[in-house]
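Take a look at the structure set out below.
The values are calculated or read from the model by the stated rules, or taken from the named source; none is laboratory data. No experiment lies behind these values; they were computed from the predicted model shown. Quick reminder, even Gly has a Cβ in these numbers, built from the backbone with ideal geometry, and neighbours come from all protein chains shown. In case anyone asks, the SASA skips ligands and DNA or RNA and just uses the protein heavy atoms, side chains included. Shrake-Rupley method; radii C 1.70, N 1.55, O 1.52, S 1.80 Å.
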Amino acid sequence: MRGRSTAAPAGSRAANICGPERSRRLWCGAMEELDGEPTVTLIPGVNSQKKQMCFDWGPGEMLVCETSFNKKEKSEMVPGCPYIHIIRKDIDVYCKILRKLFNESHGIFVGLQRIEEEFTGKSRKAQLVRVSKNYRSVIRACMEEMHQLASKDFVTSGMFSISILSAMELIWNLCEILFIEVAPAGPLLLHLLDWVRLHVCEVDSLSADVLGSENPSKHQDFWKLVTILVLQGRLDEARQMLSKEADASPTSAGMCRVLGDLMRTMPVLSPGNTQTLTELELKWQHWHEECERHLQDGTFASSPHLESLCKIMLGDEAALLEQKELLSNWYHFLVTRLLYSCPTVKPMDLHCYAQSSLDLFLGGESSAEPLDNILLAAFEFDIHQVIKECSIALSNWWFVAHLTDLLDHCKLLQSHNLYFGSNMREFLLLEYASGLFAHHSLWQLGVDYFDHCPELGRVSLELHIERIPLSTEQKALKVLRVCEQRQMTEQVRSICKILAMKAVRNNRLGSALSWSIRAKDAAFATLVSDRFLRDYCERGCFSDLDLIDNLGPAMMLSDRLTFLGKYREFHRLYGEKRFVDAASLLLSLMTSQIAPRSFWMTLLTDALPLLEQKQVIFSAEQTYELMRCLEDLISERPAHGEPDAQQLQDDDIETTKVEMLRIGLARNLARSIIKEGSLDGS
């Protein structure tokens, strides 16, 4: 069979968790299959060349088995594969670390749904940004944990999962800057610098190595470190490194001081700065001209490293592309290029710079990969294309469902509805929740996602909750509680009937009766009541007396259940020596036809002790009724064929009971007539 391979989803991060180029390669390698034929999934033990296969789709999986039909008409029936194979599409829910991602993000999602009511204006935007950062922190926490657990035996798949997680956070962070914070020109570049620094962080370990050496300026990676710092706009740290070079090398001290001054005086729009963009552009233009003058005057001619740094600060594209290995990816190149050539870039111009930076960086040597296309779509402010590309590239719906929900709360998706009745947000949330229901415990998270899909959520929840395997009573109670809280009457009845059936199979009659009453299933309550009565006939006592004694109005669910409750009440009255009340109740059970005919002999036998009491319990009229019931019962006894020994023994017992009842009834009738006659005479 053919199907999409289910590689575990999530992000990038190589040796030190956020190596960008390693992430990009692993991400793109995972997505290469999208351009070709889908991968073939082999089913072990099933020979599709010789046997046919049948399959059936479930909510989150497919069942595959070999049929008993051979492809050739006249071939012998031979035993095939005896197994049913389960092929799951949402295997990510079974990854322990990703389950943490699902659990943690669930709380954030539920909290986000309340923002609509609680916040407005600027406070609402601040809350949405905070929610976005919370989502990213959960992704990074999972990356950290996955990196720690990655062992030598798990390096490939571990690093793959980390790389996808990191790519997810990279995309989310960019969407946060462009769509949620909506940073204007000036602050936009500061956000993009932070974005690059967060995801290109090898420089920290490199800095520790260089500064930890005896003579940092002589370290083999000294100039590499300084160059990376300049490429990332970390000019204060770069100046500190240059001061070490100046101290160690008097011949280059003057050049280091000049370049350091240029770094120090570079105009930057800081968060608390009140200067306008026009003022910043003027200052930056003067600074840029000064850098160019020093370069043309040959100030750094005797030091290729310092000259290269000056060219980078001038935004020279050739100089930047020479550092392609240190930049490692085109979006780092983009941000560095903007920093030193257009620091006040407007959001609307980003896509032009992004496309040209990608073309320059790749240089025709390779084509854009899925991650590149997603980032380009974001720089073009094409939200729907970002969601579409991510939906194709990732193996589950977590990322697109939560990002789309957040963007929908930012009022960015209102105009995009689907043709089949649901908007994009709801469609993606429904798909994600459906995947959660494939897991034995994560289905509880899926319930809340369905709850927040106003159009199709209720119907989807009803369909999925019926398919949850009720493996334990504790799990069944959880499912039942969910249904009852949402007034899902049919599902409540269905679950209760299933549990009642299981209880009957395990001979737990009390539990079965309780579930059938909860399901309001009269037929099943009758069945369980019959089992109670049959057990009573065999054992001579009732089980689960507490339940039967406290049936209350529930006994009206069925006639048989009413009889069970009333018959138990008869025994209670008899035990309390309230013989007259017990006799009246016993007779009413028979004359009202509520008692099954098969149980009449038991009821008549129960009347014998009352007939033999010293005081007269049954009146003459009641005795006549009992005698009529006995004769009706005897006349309806079926005729047997050739009786066996057991039948003869049963008949003897039955005959003895009848004779004893007739004697008891006759004696009681005489006593009651004498008693009633004497009362009338007096």
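I need a count of the residues in the stretch 192-236 that are in a helix (DSSP H, G or I), in contact (Cβ under 8 Å) with a residue 60 or more places away in the chain and aliphatic (A, V, I, L, M).
Residues flagged as in a helix (DSSP H, G or I), in contact (Cβ under 8 Å) with a residue 60 or more places away in the chain and aliphatic (A, V, I, L, M) within the stretch 192-236 amount to 8.
Out of all the residues in the stretch 94-103, which are open to solvent by 10 Å² or more (accessible area, probe 1.4 Å) and either part of a helix (DSSP H, G or I) or at pLDDT 80 or above (or both)?
Once the filter is applied, which keeps residues that are open to solvent by 10 Å² or more (accessible area, probe 1.4 Å) and either part of a helix (DSSP H, G or I) or at pLDDT 80 or above (or both), the stretch 94-103 yields 94, 96, 97, 99, 100, 103.
Table: residues versus (1) surrounded by 17 or more Cβ atoms within 10 Å (Cβ to Cβ); (2) modelled with pLDDT of 90 or more; (3) more than 22 Å from the chain's Cα centre (by Cα).
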site: 109; (1), (2), (3): yes, yes, no
site: 112; (1), (2), (3): yes, yes, no
site: 119; (1), (2), (3): no, no, yes
site: 130; (1), (2), (3): no, yes, yes
site: 154; (1), (2), (3): no, no, yes
site: 161; (1), (2), (3): yes, no, no
site: 165; (1), (2), (3): yes, no, no
site: 174; (1), (2), (3): yes, yes, yes
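Mind counting the residues in the stretch 604-626 that are among the β-branched types (Val, Ile, Thr) and over 19 Å from residue 577 (Cα atoms)?
So the answer is 1.
Restricting attention to the stretch 328-338, does a residue exist that is more than 18 Å from residue 195 (Cβ to Cβ) and either modelled with pLDDT of 90 or more or not β-branched (Val, Ile, Thr) (or both)?
No, because not a single residue in the stretch 328-338 is more than 18 Å from residue 195 (Cβ to Cβ) and either modelled with pLDDT of 90 or more or not β-branched (Val, Ile, Thr) (or both).
Filter the stretch 323-353 for residues that are over 39 Å from the mean Cα position of the chain (by Cα) and either assigned to a loop (DSSP other than H, G, I, E, B) or surrounded by 18 or more Cβ atoms within 10 Å (Cβ to Cβ) (or both) and give the result.
Across the stretch 323-353, the qualifying residues are 323, 326, 336, 337, 338, 339, 340, 342, 343, 344, 345, 346.
Restricting attention to the stretch 244-254, does a residue exist that is modelled with pLDDT of 90 or more, out of contact with any strand residue (DSSP E or B) (no Cβ under 6 Å at 6 or more places or on another chain) and either under 17 Å from residue 337 (Cα atoms) or open to solvent by less than 20 Å² (accessible area, probe 1.4 Å) (or both)?
For the stretch 244-254, residues modelled with pLDDT of 90 or more, out of contact with any strand residue (DSSP E or B) (no Cβ under 6 Å at 6 or more places or on another chain) and either under 17 Å from residue 337 (Cα atoms) or open to solvent by less than 20 Å² (accessible area, probe 1.4 Å) (or both): absent.
Quick one: how many residues across the stretch 244-258 are farther than 23 Å from residue 293 by Cβ and not in a loop (DSSP other than H, G, I, E, B)?
Summing the residues that are farther than 23 Å from residue 293 by Cβ and not in a loop (DSSP other than H, G, I, E, B) in the stretch 244-258 gives 4.
Here are 467, 493: which of them is touching a helix residue (DSSP H, G or I) at 6+ places or on another chain (Cβ under 9 Å) and among the basic types (Lys, Arg)?
493
Between 224, 283, 218, 244, which is closer than 24 Å to residue 189 by Cβ and of a type in the set (Lys, Arg)?
Only one candidate qualifies: 283.
Report whether or not residue 563 is farther than 16 Å from residue 476 by Cβ, in contact with a helix residue (DSSP H, G or I) (Cβ under 6 Å, 6 or more places away or on another chain) and modelled with pLDDT under 80.
no
Here is a list: 308, 328, 366. Which entry is over 30 Å from residue 452 (Cβ atoms) and in contact with a Ser or Thr (Cβ under 9 Å, 6 or more places away or on another chain)?
308
Return the residue satisfying two criteria in turn: it lies in the stretch 354-390 and is of a type in the set (Asp, Glu) and part of a helix (DSSP H, G or I), and of such residues it is farthest from the chain's Cα centre (by Cα).
Going through the stretch 354-390, the residues of a type in the set (Asp, Glu) turn out to be 359, 365, 369, 372, 380, 382, 389.
Right, trim to part of a helix (DSSP H, G or I) and you get 359, 372, 389.
Numbers: 359: 40, 372: 29, 389: 22 Å.
This residue is 359.
Within the stretch 350-368, identify whether any single residue is under 23 Å from residue 307 (Cβ atoms) and touching a Gly at 6+ places or on another chain (Cβ under 6 Å), and answer yes or no.
Within the stretch 350-368 (the criterion being under 23 Å from residue 307 (Cβ atoms) and touching a Gly at 6+ places or on another chain (Cβ under 6 Å)), the answer is no, since none of the residues qualifies.
Go over the candidates 239, 293 one by one and state the one that is part of a helix (DSSP H, G or I) and loosely packed, with under 15 Cβ neighbours inside 10 Å.
It is 293.
Quickly run through the stretch 288-319 and pick out the residues that are touching a helix residue (DSSP H, G or I) at 6+ places or on another chain (Cβ under 6 Å) and closer than 16 Å to residue 338 by Cβ.
312, 313, 314, 315, 319
Of the residues 269, 306, 277, 320, which is in contact with a Lys or Arg (Cβ under 8 Å, 6 or more places away or on another chain) and either closer than 23 Å to residue 354 by Cα or surrounded by 19 or more Cβ atoms within 10 Å (Cβ to Cβ) (or both)?
Only one candidate qualifies: 320.
I'd like the residue in the stretch 604-639 that is in a helix (DSSP H, G or I) and of a type in the set (D, E, K, R) and, out of all such residues, is most open to solvent (accessible area, probe 1.4 Å).
Among residues in the stretch 604-639 that are in a helix (DSSP H, G or I) and of a type in the set (D, E, K, R), the one most open to solvent (accessible area, probe 1.4 Å) is 621.
Can you tell which of 601, 555 is assigned to a helix (DSSP H, G or I) and without any contact (Cβ under 8 Å) to a residue 12 or more places away in the chain?
Only one candidate qualifies: 555.
Just to be sure, is residue 350 farther than 24 Å from residue 268 by Cβ, touching a helix residue (DSSP H, G or I) at 6+ places or on another chain (Cβ under 6 Å) and of a type outside the set (Phe, Trp, Tyr)?
no
Residue by residue, here is whether (1) modelled with pLDDT under 80; (2) more than 21 Å from residue 509 (Cβ to Cβ) holds:
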position: 533; (1), (2): yes, no
position: 573; (1), (2): no, yes
position: 585; (1), (2): no, yes
position: 597; (1), (2): yes, yes
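Is it true that residue 388 is basic (Lys, Arg), closer than 29 Å to residue 269 by Cβ and open to solvent by 60 Å² or more (accessible area, probe 1.4 Å)?
no
For the stretch 511-539, which residues satisfy the criterion of being among the small types (Gly, Ala, Ser) and under 35 Å from the mean Cα position of the chain (by Cα)?
511, 512, 514, 516, 519
Among the residues of the stretch 570-591, is there at least one that is surrounded by fewer than 18 Cβ atoms within 10 Å (Cβ to Cβ), closer than 30 Å to residue 490 by Cβ and either in contact (Cβ under 8 Å) with a residue 40 or more places away in the chain or not hydrophobic (A, V, I, L, M, F, W, C) (or both)?
no
Condition (residue is open to solvent by less than 60 Å² (accessible area, probe 1.4 Å), closer than 30 Å to residue 457 by Cβ, assigned to a loop (DSSP other than H, G, I, E, B) and out of contact with any Gly (no Cβ under 7 Å at 6 or more places or on another chain)) applied to the stretch 499-519: is it met by at least one residue? Steps first, answer last, please.
The initial filter retains those residues of the stretch 499-519 that are open to solvent by less than 60 Å² (accessible area, probe 1.4 Å), namely 499-500, 503-504, 509-517, 519.
Narrowing further to those that are closer than 30 Å to residue 457 by Cβ: 499-500, 515, 519.
From the residues that got through so far, the ones that are assigned to a loop (DSSP other than H, G, I, E, B) too are 519.
From what's left, out of contact with any Gly (no Cβ under 7 Å at 6 or more places or on another chain): 519.
Yes, because at least one residue in the stretch 499-519 is open to solvent by less than 60 Å² (accessible area, probe 1.4 Å), closer than 30 Å to residue 457 by Cβ, assigned to a loop (DSSP other than H, G, I, E, B) and out of contact with any Gly (no Cβ under 7 Å at 6 or more places or on another chain).
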